[in-house]
Amino acid sequence: MPDREEFFERLQAQLQELITFIMAEVMAGNTTPLTKRPPDRSAAPFCNSLAACKTDEEGKSCVKSDIQGARACVNVAETAIARIKTRAFQFLPRRPEQQTRFFFLTSVVTEYLDSEKQTT
């Protein structure tokens, strides 16, 4: 299991990669720039798909097929990361052999969304 610093490095790297994929779609004219925040709930189905991606190409295809979910994933991830750093949200990374390409990112977003459901 990674230590806290390594966890945040991996999480930030995966988030940045997702943002890069989204920006590539915007720059290619395949989607329009955001005018309003997509609903957080649209991140869950996107994360389920992204979690299965093992390569960059699979990740890019996932983003292309659900750009709104990808954008929601980024928003939720940023909120969750801020809350993890302040210890307002607890997340325990799983064992490395269970990980796929975007494991940390999708796990954090999914668990954060689940925790929010329990508090509402």
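What follows draws every value from the coordinates through simple rules; no lab data is involved. Keep in mind the model is a prediction, meaning the values are calculated, not measured. Every residue, glycine as well, gets a Cβ built from its backbone with ideal geometry; the counts of neighbours run over all protein chains shown.
Brief remarks on what is shown
- Helix 103-119 and the longest principal axis of the Cα set of the chain meet at an angle near 80°.
- Helix-derived mean residue ellipticity, 222 nm - over the chain, DSSP H n ≥ 4, -39500 (n - 2.57), to 500: -22000 deg cm²/dmol
- Remark: VAL63, VAL74, VAL26 ranked as VAL26, VAL74, VAL63, counting other beta-carbon atoms within 10 Å and listing the fewest first.
- Dipole magnitude for the chain: about 320 debye, using +1 per Lys or Arg Cβ and -1 per Asp or Glu Cβ, origin at the Cα centre.
- Maximal additional length on extending the ALA28-GLU111 stretch stands at 26.7 nm, based on 0.36 nm per residue less the C-alpha distance.
- In degrees, nearest ten, helix 67-85 long axis to first principal axis of the chain (Cα): 30
- Using θ = phi - 60° in the Karplus curve 6.51 cos²θ - 1.76 cosθ + 1.60, the 3J(HN,Hα) couplings for segment 17-28 round to 5, 4, 4, 4, 4, 5, 4, 4, 5, 5, 5, 7 Hz; x is entered for Gly and Pro.
- Straight-distance crosslink candidates among aspartates and glutamates, where the alpha carbon sits under 15 Å from LYS64 and sequence neighbours closer than 8 are dropped: GLU17, GLU25, ASP56
- Nearest 10 degrees, 0 to 90: helix 56-65 Cα axis against the chain principal axis: 60
- Annotation: extensible slack from LYS54 through ASP40 equals 2.6 nm (criterion: 0.36 nm per residue apart, minus Cα-Cα distance).
- Loop sites in segment 1-47: chymotrypsin sites (Phe, Trp or Tyr not before Pro), DSSP, at most 15 other Cβ within 10 Å: none
- By the beta-carbon count within 10 Å of each Cβ, the least crowded to most crowded order of THR20, THR106, THR86, THR100, fewest first, is THR86, THR20, THR100, THR106.
- Normalised by residue number, the volume inside the convex hull of the Cα atoms of segment 4-119 is 99 Å³ per residue.
- Normalised contact order of the chain, rounded percent, pairs of Cα under 8 Å and 6 or more residues apart: 35
- Of all lysines in the structure, those lying under 24 Å Cα to Cα from LYS85, and not within fewer than 8 positions of it along the same chain, are LYS117.
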